[in-house]
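**Q** Okay, here's the structure, questions in a sec.
The values are calculated or read from the model by the stated rules, or taken from the named source; none is laboratory data. Every value quoted in this text rests on a predicted model; they were computed, and no experiment measured them. Note that each Cβ is placed from the backbone with ideal geometry, even for glycine, and that neighbours are counted across all protein chains shown. Just the protein is used for accessible areas: all its heavy atoms, side chains included, with ligands, DNA and RNA removed. Shrake-Rupley method; radii C 1.70, N 1.55, O 1.52, S 1.80 Å.
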Amino acid sequence: MNALQVKDLVVAYGQVNAIDGVSFDVPQGKLVTLIGANGAGKTTLLKALIGALPAKSGAVTLNGEDMGRAPVEDRVRRGMFLVPEKRSLFGSMKVEDNLLLGAYSKRHDTDFAQELERIYKLFPVLKERRKQLAGTLSGGEQQMVAIGRALIARPRILLLDEPSIGLAPLIVQQIMDVIVDLRRTEGLTIVLVEQNARIALKNADLGYLIELGRIVKSGEGAQLAEDPELLRSYLGVQ
Ligand code: ATP
């Protein structure tokens with residue numbers, strides 16, 4: 001069963017189609033990686049999936065249900081959650097309060113302390129820093145807060161826009177490990193957009209390469225990570 005199905009999706013800025021007829025499937029419980037050069041349309045695609053940008057044509061189906069023109073809040077209610085590239089944390093609020101923002105749509109009887117403990121287990125460093133202002137954290141720690149906040153909303157499909165951007169290799173690996181773990185232990189369905197293409201593909205069930213708003217290559221993640229053409233153009237191997 002596909003958690004998400006995208007069919008002939010077109011998304012335009014004015015007359016220009018930034019996403020130009022994209023179709024792909026995200027099976028339930030799988031990790032799917034989207035790669036592509038700057039400006040290929042990856043962020044635009046994620047924004048359209050979550051409903052922040054309108055589709056010009058085509059369809060997005062979430063758990064078998066056509067999203068049509070459903071607004072962001074409907075899609076979030078149905079279990080989709082986007083962690084944007086800029087993380088959008090509140091720098092002058094404590095880490096813990098930033099995390100709890102993810103729970104704003106939760107019922108009053110939610111055990112918030114237990115939710116926080118779940119996140120601190122995934123990211124122990126955030127427990128140490130929980131009373132610190134989010135703006136004072138390192139880039140990697142801020143990314144952990146952004147992912148943690150999303151997880152508190154208990155999504156079924158997590159969309160991640162370049163979570164490792166600007167981070168040191170060791171931290172990139174750490175973030176990747178958590179992403180892989182979430183898929184394995186919680187059965188979370190994940191759509192990951194990444195510039196660190198090799199590591200993101202290696203860990204993915206499926207991968208898609210986007211060029212100029214179209215999918216030009218797809219396959220098993222591990223296979224794409226070794227694809228000679230991809231290695232040359234996107235994976236930084238001469
Ligand atoms: P990056 O890795 O740089 O974020 P991307 O693959 O996410 O790149 P998008 O940001 O989705 O690419 O951009 C796709 C195309 O749409 C680019 O040509 C970009 O210039 C254009 N574009 C993006 N946002 C807008 C906007 N708000 N108005 C007009 N054009 C835009």
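**Q** Counting residues that are more than 8 Å from the ligand (Cβ to nearest atom) and under 21 Å from R87 (Cβ atoms), which strands (runs of 3 or more DSSP E) fully inside segment 1-64 reach at least 1?
**A** Here the list reads 31-35.
**Q** Taking S57 as the residue in question, decide whether it is closer than 30 Å to Q132 by Cβ and open to solvent by 40 Å² or more (accessible area, probe 1.4 Å). Walk me through it before giving the result.
**A** On the way: closer than 30 Å to Q132 by Cβ: no; open to solvent by 40 Å² or more (accessible area, probe 1.4 Å): yes.
So S57 fails the test.
**Q** Of G68, G29, G14, G39, which residue is closer than 18 Å to L160 by Cα, without any contact (Cβ under 8 Å) to a residue 12 or more places away in the chain and out of contact with any Asp or Glu (no Cβ under 7 Å at 6 or more places or on another chain)? Write out each step before concluding.
**A** Working: G68 fails: closer than 18 Å to L160 by Cα; G29 fails: without any contact (Cβ under 8 Å) to a residue 12 or more places away in the chain; G14 fails: closer than 18 Å to L160 by Cα.
Just one listed residue meets the conditions, G39.
**Q** Next question. Which of the residues spanning segment 161-171 are in contact with a helix residue (DSSP H, G or I) (Cβ under 7 Å, 6 or more places away or on another chain) and within 16 Å of the ligand (Cβ to nearest atom)?
**A** Scanning segment 161-171 gives D161, P163, S164, G166, L167.
**Q** Just to verify a result, which residue in segment 102-114, among those that are surrounded by 15 or more Cβ atoms within 10 Å (Cβ to Cβ) and within 20 Å of the chain's Cα centre (by Cα), is modelled with the lowest pLDDT?
**A** A103
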